[in-house]
1. Enter the mean projected area of the convex hull around the alpha-carbon atoms of the chain, in nm², rounded to one decimal.
2. To the nearest 20 Debye, how big is the dipole of the stretch 160-264 about its Cα centre, given +1 on the beta carbon of each Lys and Arg and -1 on that of each Asp and Glu?
3. Which one of Tyr187, Ala165, Ser259 has its Cα pushed farthest toward the positive end of the charge dipole of the chain, where Lys and Arg give +1 and Asp and Glu give -1 at the Cβ?
4. For the pairs Lys110/Lys220; Lys110/Lys154; Lys154/Lys179; Lys151/Lys197; Lys126/Lys197, flag any whose C-alpha to C-alpha distance is greater than 24 Å.
5. For labels at Tyr118 and Ala36 in the simple 7 Å Cα→Cβ model, what's the distance in nm?
6. Mind listing the long-range amide H neighbours of Asn107? Cut-off is under 5 Å, sequence gap 5 or more, other chains count too, H placed in the peptide plane at 1.01 Å from N.
7. What does the extension gain come out to for Ser62 and Asn249, with contour length at 0.36 nm per residue minus their alpha carbon separation?
8. What are the semi-axes of the equivalent ellipsoid of the stretch 34-91, taken as the square roots of 5 times the eigenvalues of the Cα gyration tensor, listed largest first and rounded to whole Å?
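A short reminder: the numbers here are calculations on the coordinates, not readings from a lab. Predicted model only: the values in this text are computed from it and were never measured. Cβ placement follows ideal geometry from the backbone for every residue including glycine, while neighbour counts extend to all protein chains displayed.
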Amino acid sequence: MKKMYPFTRLATTLACAVLLTCVPAAFAEHGQDTPAVPVKSAEATIKAAVSGNDQFTNHNDSHHFDGFQTGQTPTLTVVACSDSRVHTQLFGMEPDNNIFVIRNIGNQVKTAEGSIDYGVRHLPTKILLILGHSSCGAIKAAMGDYSGETKGIKAELDTLKPVIAAEDKSGDINGRWSKNVERNVDYQVKAAMELYKDKIQANELTVVGAVYDFNDLYGKGRGKLVITNINGETAPNKIMDHPVLKELNRGEIVNHVSSLAPAL
Ligand SMILES: [Zn+2]
């Protein structure tokens, strides 16, 4: 049987329960459709969390933890949106000790600089992946009126303003939304490149921008990781030739590199 990651399922359950019950108004208006699955009660959610953890420890005996008792050695730093539909299982790799994850609404660099510094400069990982996703409620909210949100949410949406201000506003709302998701990835890659210019120039770090597309907006299939930016390069034909992709075969490259929007 294919190995599953109960802990990730547990996190998904918790995040879904929290987000679906506490989703802010602007996000509810713009970013969320009616949930397709029933929402668990608080009691059922904690039960699922504890039972899920038991499954996790049953599935992973004590030796699972041998390799990282005193330190971590991840090779990938990911800045992802907090959205409950986005999790590290999309990479298909064991996340424990392999993926250093920073999450916030809108997968932003500016609001998580210290955490990213830790991943890139202290661990240090060779890849920094900025991961946007289709149907991102933060981007949709930033495109509209979020003046009624909390101070904290407004502060984190304000930092997306340059992305929204720079769009040409052509096309329908859904098309603009999708393009802004990708443009935000480009914007965050640019911010990261400014922070880590020294490491990029020394060839110690590659900044990759990608969209996790569970809506099949890019025509690659639901759930695909679509690379849209490498070290600021956004033209798909040039991304395809980037040396960091040299271990991918042609089919993998074609299936995982694309673009919906020109860079800002
Ligand atoms: Zn999002």
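1. Values: hull surface 61.8 nm².
Mean projected area of the Cα convex hull: 15.4 nm².
2. Values: 14 positive and 14 negative charges, 27 e Å.
Dipole about the Cα centre, nearest 20: 140 debye.
3. Projecting each Cα onto the dipole axis, the largest value belongs to Ser259.
4. Working: Lys110/Lys220 30 Å; Lys110/Lys154 14 Å; Lys154/Lys179 22 Å; Lys151/Lys197 32 Å; Lys126/Lys197 13 Å.
From the list (Lys110/Lys220; Lys110/Lys154; Lys154/Lys179; Lys151/Lys197; Lys126/Lys197), the Cα-Cα distance tops 24 Å for Lys110/Lys220; Lys151/Lys197.
5. 3.4 nm
6. Amide H to amide H, under 5 Å and 5 or more residues apart or across chains, Asn107 pairs with Cys81, Ser82.
7. Working: separation 187, 0.36 × 187 = 67.32 nm, distance 3.69 nm.
The Ser62-Asn249 span can extend by a further 63.6 nm.
8. Working: eigenvalues 146, 81, 16 Å².
Whole-Å semi-axes of the equivalent ellipsoid: 27, 20, 9.
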